[in-house]
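Undergrad: Pasting a structure here, questions to come.
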Amino acid sequence: MHNMENKYTDDKTFEKVNLSDKSFTKGEYENCRFLNCDFSNGNLSDFRFTDCEFSGCNLSLAKLVDTVFRDIQFKDCKMLGLNFDTCNEFGLTVSFENCTLNHSSFYKTKIKKTTFKKSQLHEVDFSECDLTESLFDECDLTRTIFENTLLEKADFRTAFNYSFNPEMNRIKKAKFSVYGLPGLLAKYQIEIDPAR
């Protein structure tokens with residue numbers, strides 16, 4: 001039985017589409033570009049994306065149950081309240097540039113070597129996440145949750161506004177700048193004078 005739902009599309013650019021467009025239906029998308037598309041509050045469950053780029057898209061509050069994101073670049077996207085922890089975990093590989101990810105969750109995901117660049121990550125949940133060798137480049141990590149998180153060799157040197165307990169996370173060989181130290185020492189309630 002051929003399942004009509006699982007349409008395969010490759011090398012196509014979708015511009016300004018949303019989930020009600022006939023051209024965009026549930027299925028597998030490979031090597032596609034999505035420009036200024038609006039998938040907010042939509043259901044992307046069971047969609048499969050491989051080697052795709054989302055640029056200027058709004059995915060806020062979209063459902064991602066068993067969604068496949070494999071080798072995906074998100075640029076200039078609005079991605080509020082997304083549950084990446086419900087995605088298909090097999091081969092989950094994503095990168096973010098200039099994205100707003102506030103209130104999203106990566107709980108228990110394995111996303112080693114992920115690049116977060118110039119992105120806003122307010123109150124994002126990285127509890128029990130594997131972020132080994134990930135890069136937080138010029139990211140705003142206000143109230144972002146790191147708890148039992150694997151942060152070995154992660155790079156926070158240009159990240160800001162983060163605060164987490166080093167004793168509750170694995171941070172061996174992680175990189176920090178001197179400006180980030182207060183966020184690592186906050187729990188000790190000590191005062192740090194800025195270097196003169």
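The values are calculated or read from the model by the stated rules, or taken from the named source; none is laboratory data. All of these numbers come straight from a predicted model, not from anything done at the bench. No Cβ is skipped: glycine too gets one built from the backbone with ideal geometry, and neighbour counts run over all protein chains shown.
Undergrad: Scan the range 59-88 for residues that are of a type outside the set (A, V, I, L, M, F, W, C), assigned to a loop (DSSP other than H, G, I, E, B) and touching a Gly at 6+ places or on another chain (Cβ under 7 Å) and report the count.
TA: Looking only at that region, the number is 2.
Undergrad: Hey, Tyr107 hits all of (1) under 20 Å from Leu181 (Cα atoms); (2) surrounded by fewer than 22 Cβ atoms within 10 Å (Cβ to Cβ); (3) of a type in the set (Phe, Trp, Tyr) but one; which does it fall short on?
TA: (1)
Undergrad: Can you say whether Arg33 is buried (at least 16 other Cβ atoms within 10 Å of the Cβ), basic (Lys, Arg) and closer than 22 Å to Thr100 by Cβ, as far as the supplied structure shows?
TA: The answer is yes for Arg33.
Undergrad: Scan Asp130, Asp137 and give me the residue that is buried (at least 18 other Cβ atoms within 10 Å of the Cβ), more than 11 Å from the chain's Cα centre (by Cα) and over 30 Å from Thr9 (Cβ atoms). If you could, list the steps in order and put the result at the bottom.
TA: Values: Asp137 fails: buried (at least 18 other Cβ atoms within 10 Å of the Cβ).
From the options Asp130, Asp137, the qualifying one is Asp130.
Undergrad: While we're looking at this one, here's another question. Can you name the number of the only condition in (1) in contact (Cβ under 8 Å) with a residue 24 or more places away in the chain; (2) surrounded by fewer than 21 Cβ atoms within 10 Å (Cβ to Cβ) that Met79 fails?
TA: So the condition that Met79 fails would be (2).
Undergrad: List every residue pair whose Cβ atoms lie under 6 Å apart, where the two residues are 6 or more positions apart in sequence or sit on different chains, the first residue falls within the range 165-179 and is over 12 Å from Leu151 (Cβ atoms), and the second residue, located anywhere, is surrounded by 13 or more Cβ atoms within 10 Å (Cβ to Cβ).
TA: Filtered contacts from the range 165-179: Ser177/Arg157.
Undergrad: OK, next. Using beta carbons and a limit of 9 Å, which pairs, at least six apart or on different chains, have the first residue in the range 47-66 and closer than 9 Å to Cys32 by Cα and among the hydroxyl-bearing types (Ser, Thr, Tyr) and the second one part of a loop (DSSP other than H, G, I, E, B) and modelled with pLDDT under 95?
TA: Pairs that qualify, where the first residue is closer than 9 Å to Cys32 by Cα and among the hydroxyl-bearing types (Ser, Thr, Tyr) and the partner is part of a loop (DSSP other than H, G, I, E, B) and modelled with pLDDT under 95, are Thr50/Gly91.
Undergrad: Right, next: Anything in the range 45-58 that is surrounded by fewer than 20 Cβ atoms within 10 Å (Cβ to Cβ) and part of a loop (DSSP other than H, G, I, E, B)? List them, or say none.
TA: Scanning the range 45-58 gives Ser45, Asp46, Asp51, Gly56.
Undergrad: In the range 102-124, how many are closer than 22 Å to Lys78 by Cβ and either touching a residue at least 40 places away in the same chain (Cβ under 8 Å) or out of contact with any Ser or Thr (no Cβ under 6 Å at 6 or more places or on another chain) (or both)?
TA: Selection size over the range 102-124: 12.
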